[in-house]
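In what follows, a single structure is set out as structure tokens and then discussed.
The values are calculated or read from the model by the stated rules, or taken from the named source; none is laboratory data. Please read all numbers here as calculations on a predicted model, not as lab measurements. Methodologically, a virtual Cβ is constructed for each residue, glycine included, from the backbone with ideal geometry; neighbour enumeration extends over all protein chains shown. Each accessible area value is taken on the protein alone, full model and side chains, heavy atoms only, with ligands, DNA and RNA left out. Shrake-Rupley method; radii C 1.70, N 1.55, O 1.52, S 1.80 Å.
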Amino acid sequence: MSAEDPVIDPSTRIAPFQQPGRLDALLAAVRARSPLVPEVGIVLGSGLGGLADDLEDPVAIPFADLPGWPAATAPGHAGRLLLGRLGGKPVVMLQGRFHLYEGNAPGLVVQPVLLFARLGARAVFLTNAAGGLDPTFGPGTLMVIRDHINLTGLNSLIGPNAVSIGERFPDLTEAWSPRLRVRLHAAAVAEGVTLADGIYVGLTGPNYETPAEVRMLAALGGHAVGMSTVLECIAARWAGLEVVGVSLVTNAGAGYSGDPLTHEEVLAAGLEAGPHLARVVRRFIADLD
Ligand code: HPA
């Protein structure tokens, strides 16, 4: 990105039919740096950034070097696309992500997973930090996402469709791949890491929930709540990717403990439980066939 380039407005709406052209440009920029064809794309949420250090022969591309991608990301997020090998398998990783609460348009939020598909990936692994709605989920709980509830009120698939990517009305019956969830639980057993299982509720943030909202979301059937992931899952399914994911529960939902929530506590819990999740992800990738 040079000084003459127009400033990117990340809130500019991107309709589905505009994605193929954007992805062409992104693909060309990545291919100028790496020929690697990934099997899996991994989105590293808060606390999981360390997994990037495990990449073999990594090529790192700062977001600012990718056409249409803004450099800035949330605190605790580095903002790089990485290609390399993990457990011997070719993968692409997103270190940092585009959140709705930063003012990013839904179409930009999902572009990384669409790029994964364009690069050749067949599956995406989504990770995030989340608050516990299930009262038994304390800080450090790792929850395999079995299903989600999209309460962002937004959707990146609104607008004229791009049939070259996917169909108008994607089916989400098995959005979170039962096949890959079985593999994930097996990887956790092999690593001696306990995984819970549950439903992720996605909101826009940036505020944490009120205690009344936490009780409502739990009553709706949610087990964890966060500010990402749901639009990425929907777009990935649209693009034909298999989806698997884990929430790292960094705190009990607002109101359960009586103490206020802080971003620092969220980051600290991520630092503690992140390495366990990293081991599970690495094993899962290595054992994929
Ligand atoms: N709510 C929403 N998002 C979160 C939380 C939470 O309690 N913790 C970490 N991300």
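Computed over Cα pairs, the Kirkwood radius of the stretch 16-287 leads via Stokes-Einstein (0.890 mPa s, 25 °C) to a diffusion coefficient of 133 µm² per second.
With the full set of protein chains in place, find how many percent of the accessible area of the stretch 16-287 is carbon and sulfur; take the probe as 1.4 Å.
Working: 5910 of 10480 Å².
About 56 percent, which is the carbon plus sulfur part of the accessible surface.
At a probe radius of 1.4 angstrom, the accessible area of the stretch 16-287 per residue rounds to 39 square angstrom.
Close amide H partners of ARG146, meaning residues 5 or more places away or on another chain with modelled amide H under 5 Å apart, are GLY198, ILE199, TYR200. Distance between the 7 Å Cα→Cβ label points at ASP53 and HIS185: 3.2 nm. Backbone phi angles across the stretch 200-208, fed through the Karplus curve with coefficients 6.51, -1.76 and 1.60 (θ = phi - 60°), yield HN-Hα couplings of 9, 9, x, 10, 7, x, x, 6, 6 Hz in residue order; Gly and Pro are listed as x. For the stretch 44-175, the alpha-carbon coordinates run over 43, 39, 30 Å along the three principal axes, in decreasing order. Rounded to the nearest Hz, the phi-derived 3J(HN,Hα) couplings of the stretch 187-196 under the Karplus curve 6.51 cos²θ - 1.76 cosθ + 1.60 (θ = phi - 60°) are 5, 5, 4, 4, 8, x, 10, 7, 10, 8, where x marks glycine and proline. Computed from Cα positions, the angle between helix 263-286 and the longest principal axis of the chain comes to roughly 70 degrees. In this structure, MET216 and THR194 have a Cβ-Cβ separation that, at R0 = 35 Å, corresponds to a calculated FRET efficiency of about 0.80.
Note on TYR208: accessible area approximately 80 square angstrom, rounded to 10, probe 1.4 Å, nucleic acids and ligands left out.
Express in nm, to one decimal, how much length is gained between ALA78 and HIS263 on full extension, taking 0.36 nm for each residue of separation and deducting their alpha carbon distance. Show your work: numbers first, answer last.
Numbers: separation 185, 0.36 × 185 = 66.60 nm, distance 1.61 nm.
Between ALA78 and HIS263, full extension yields 65.0 nm more.
For the stretch 53-66, 3J(HN,Hα) computed residue by residue from phi via the Karplus equation (6.51, -1.76, 1.60; θ = phi - 60°) reads 5, 8, 5, 8, 6, x, 10, 10, 10, x, 3, 5, 8, 10 Hz, glycine and proline entered as x.
What is the sum of charges around GLU242, taking Lys and Arg as +1, Asp and Glu as -1, for the other residues whose C-beta is under 10 Å from the C-beta of GLU242? Walk me through the numbers on the way to the answer.
Working: positive: ARG122, ARG179, ARG237; negative: GLU174.
Around GLU242, the surrounding residues sum to +2.
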